[in-house]
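Structure first, then comments.
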Amino acid sequence: MGIIQRLIFVIKSFRFRLFAIFSLGTTLITITLSLNYIEREKTEFREHASERARLLAKLLADNARLPLFADDRASLQKLAEETARQLDVVEVKISDVNGVSIAGIQRGRANSSRINENLAITSDAEGDASTLALKGRSTPISLGNVLVSLDTASLDNSIRQMTISIARYSCAFWLMVTIFSYLVLTRMTQSYGKLMEGLAAMRNGNFTVRIPIEDVDEPSQAARSLNDLADALQRHEADNRLLQEKLLDAMRLQVQEEKRQVMAKLIQTNRMTSLGLLVSSMAHEINNPNGAIRLDGNFLGKMLHNIMPMLEAATRKDADFRLSGLRFDEARDEIFRAHENIIRHTNRIEAVIKDLRAYSLGVNNPFTLDIDLNQVVTGALTIIRAHGQYTNAVISEDLSSGLPAIKGSRHQLEQVVVNLLLNALQSLPPKGGRAAVSSAVSRTANEVLVTVSDNGEGIPPEHIARLFEPFFSTRIESGGSGLGLYISNFIVKEHGGNLTFESKVGAGTTVIMHVPISPCVPAGHPA
Amino acid sequence: MRMLFCVISVVILAFPGLSSAYDILVVQDQRSHIYDTLLRGFGNGRHFKERIIVLQDFAENDLVKIVREDHPALVLAVGGRALAETRVIRQTPVVSVFSYGITVSNPPPNLAQVKMLAPIERFAALFRALGAKRVGTVLSGTASSYAAKASEIFRKAGIHLVIREARRPGDVAKQLESLKNTADALWLLPDPAIVTSETVEAFALYSLQHHLPLVSFSDAHLKKGAAAAFAIDLEDLGKQAAETAGRIMAGDSPEDIQEIPPRKIRLRFNRQVMEHLGLPVNPLLHLGGSEAE
């Protein structure tokens, strides 16, 4: 703050204005009183000088009465000289009844400013003729006259000195009153100043400041209220700080939780990656013996076809011909059925390994126009059943025949159905439950529907909107990644379709995958 | 006082010849030309050996001791204070002069007085010349015999003397006021009990205010407002004192002499005062009066 701003601030302050009003009032009062006093003193000075001249003349007349009566001129001259010795007396004259000067003295300039007092001397000093007549006295004898002249130069000087003295005293009085006013004002506005200091500190955000209360005046009461307000604000600030700390702690915990979840997802992802590698390795290790079994099975089939005529011939020869305790006709059927089982299961093993490998590696996902969703569902069921973890659950399937083909990636769609089935199975109680998968076509909507339903725990309404959020899962602890539905939704969206949910807590969930039908391409025909 | 006594004693002892070097011890009130004039008349034609003690020069005096040691033939008391101081002297004759007292109460036998006051008959003639039928005065109780004597003489002259008694000077003004409308003139007598300068002024003021002529015992009062007074020839008064001293030293007893009236008396009047009061001066001129200078 510059000097000018500080000066303006001081001038506009409450204390300065009061002080200015006091000082101005004191100045006006002092000047008024001083001028009045000076004027009155001047009048009194002049009256006093006139009175003094009158008294001197009266005294001289009284003293000169007898000498004038007795014509004692020496005494008269002595009286005149004594009177002339008085201050400011410049002329004294005593004259007889004929006006002839008998005694007198004159000093100073004749043309100087004077106050003249003429007084007649009579035989009776107590009054005029009428007064004396009332008192029963005879008419006084006129003896003469006295004249006393006073020079007013010293009077003017005295008035000037008096004016200067009054001006000095007035200045001193004004100064004392001003200082006293300042001290009193400072004392009286002390609480006001402390209030303003406290307010300034609070305005700068410092609510720890408390305004000292030393009085019971209005500023002190305001200061008390402000202190209470500051207490409340400080408490609120402390509460806010505490809340912020709690919020930060909560956020920190949430971040830590999210971090932990992300790490769990990463671990899961890593685990899935490892699982993919494991699956690839297992495919290799399983396919080799499986291939050998299938080759041997084929070889055994050929061998059976070759030896079967011989065995029929032997049976014909021997009616009791038996193989492993069975009659030949029973044993022949069992042998061919075992051979078919070997071939079929080795093919199945190969198919499972192939699907697992494709699922885990995510390869070979080109979009084609001939995707049959029933095959997709069958593939997904194969994978789920190969999983072997949900043996207590009953999975029913109801696939509609004659589904139109759609455009898409079989493996990606299988991944979607697998995810939906896994979610359905995971929602079932551990003792078992029921899941169902079905397919259908909606000609009106021109789309193919795959419905996965369960009678599991259901989804709370507040989770419905968050189902497609990445990493949102209620089963993180049990191995859920929170990415299943996110990825599934992504895949279905890529196929131009969408997923819809219907769920009731405690009753189960139904998920429907909507995929548009490919134009003019029947199912089972490549595009 | 002890220091003064010691000084005087030492001086006397140091100069033993003084104790028998003079005949008359002169004790005077103060130094002034009036006393000088009077003493000049006292020493004129006679050759007394004198020793002069001026009371004004000393705070206190032991005149008795001085007289006892010096053995003067006579003590001359000049002035009222000197008369009072010498009253303690009993063995040596004392001649008093220039004392204004009307009378000395119980005068000692060794005292002879040369009076200054004019005879009462002269005053009566003066008041008659002024046309006064009633004369007012204020006296103390000590002057009762003189008042009685004056009343008798005035009565014979056809004048009624109105006397008011005052115990002290402060009472004079009040007593003068009581003379209102009872007197045609005022008479100021040398009564030591009440006469002071203030008393003289009071008489003069009363005279002025009530237009009454004031006749005083001293011509010195003519300048104070008195209309007329009898002046004494001081030199001749000194001669009278010398003659009295000579008689005593020649063998007369002071008791036989007692009071000697002044020999040369002149009537003086203040023309200005007479004119202010509207009184003619011719009657006074016929009495041999003269205008005061």
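The values are calculated or read from the model by the stated rules, or taken from the named source; none is laboratory data. Predicted model, so just to flag it, every value in this text is computed and none were measured. Cβ coordinates were reconstructed from backbone atoms using ideal geometry, including for glycine residues, and neighbour counts include every protein chain displayed.
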Return the residues of the stretch B:222-238 that are surrounded by 22 or more Cβ atoms within 10 Å (Cβ to Cβ) and within 11 Å of chain A (Cβ to nearest Cβ); say none if nothing qualifies. B:LEU222, B:LYS224, B:GLY225, B:ALA226, B:ALA227
Within the stretch B:282-293, is even one residue charged (D, E, K, R), within 14 Å of chain A (Cβ to nearest Cβ) and either more than 24 Å from A:ARG73 (Cβ to Cβ) or in a loop (DSSP other than H, G, I, E, B) (or both)? yes
Tell me yes or no: at least one residue of the stretch A:164-186 is among the basic types (Lys, Arg) and at pLDDT below 85. no
Let me confirm something: among A:ARG385, A:ARG344, A:ARG357, which residue is under 25 Å from A:ASN287 (Cβ atoms) and in contact (Cβ under 8 Å) with a residue 24 or more places away in the chain? A:ARG357
Looking only at the stretch A:139-158, how many residues end up being within 14 Å of chain B (Cβ to nearest Cβ) and farther than 30 Å from A:PHE69 by Cβ? 0
Test set (1) among the aliphatic types (A, V, I, L, M); (2) outside any helix (DSSP H, G or I); (3) over 30 Å from A:LYS194 (Cβ atoms) - A:VAL216 fails condition number: (3)
I'm checking my understanding of the structure. Among residues of the stretch B:205-221 that are at the interface with chain A (Cβ under 7 Å from one of its Cβ atoms) and among the aliphatic types (A, V, I, L, M), which one is nearest to the chain's Cα centre (by Cα)? B:LEU205
If you scan the stretch A:81-90, which residues turn out to be part of a helix (DSSP H, G or I) and either within 14 Å of chain B (Cβ to nearest Cβ) or of a type in the set (A, V, I, L, M) (or both)? A:ALA84
Can you tell me which of B:VAL88, B:VAL75, B:VAL95, B:VAL64 is at pLDDT 85 or above, out of contact with any strand residue (DSSP E or B) (no Cβ under 8 Å at 6 or more places or on another chain), aliphatic (A, V, I, L, M) and within 30 Å of B:SER144 (Cα to Cα)? B:VAL88
Of the candidates A:ARG443, A:ARG410, the one satisfying the condition of being more than 20 Å from A:LYS504 (Cα to Cα), charged (D, E, K, R) and surrounded by 13 or more Cβ atoms within 10 Å (Cβ to Cβ) is A:ARG410
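Every residue, every condition in (1) part of a loop (DSSP other than H, G, I, E, B); (2) of a type in the set (Gly, Ala, Ser); (3) modelled with pLDDT of 85 or more, yes or no:
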{"position": "A:ASN365", "(1), (2), (3)": "yes, no, no"}
{"position": "A:VAL377", "(1), (2), (3)": "no, no, yes"}
{"position": "A:ARG385", "(1), (2), (3)": "no, no, no"}
{"position": "A:SER401", "(1), (2), (3)": "yes, yes, yes"}
{"position": "A:VAL417", "(1), (2), (3)": "no, no, yes"}
With within 14 Å of another protein chain (Cβ to nearest Cβ) and among the aromatic types (Phe, Trp, Tyr) as the only criterion, which of A:PHE45, A:PHE14, A:PHE19, A:PHE69 stands out? A:PHE69
When both residues are 6+ apart or on different chains and their Cβ atoms are under 6 Å apart, which pairs have a first residue that lies in the stretch A:218-229 and is of a type in the set (A, V, I, L, M, F, W, C), and a second that is modelled with pLDDT of 85 or more? none
Among the residues of the stretch A:487-527 satisfying the criterion of being at pLDDT 85 or above and among the hydroxyl-bearing types (Ser, Thr, Tyr), which is farthest from the chain's Cα centre (by Cα)? A:THR510
Among A:LYS58, A:LYS78, A:LYS93, which is more than 14 Å from every other protein chain (Cβ to nearest Cβ) and in a helix (DSSP H, G or I)? A:LYS58
Mind checking which residues of the stretch A:114-138 are more than 9 Å from chain B (Cβ to nearest Cβ), assigned to a loop (DSSP other than H, G, I, E, B) and either modelled with pLDDT of 90 or more or farther than 30 Å from A:PHE45 by Cβ (or both)? A:LYS135
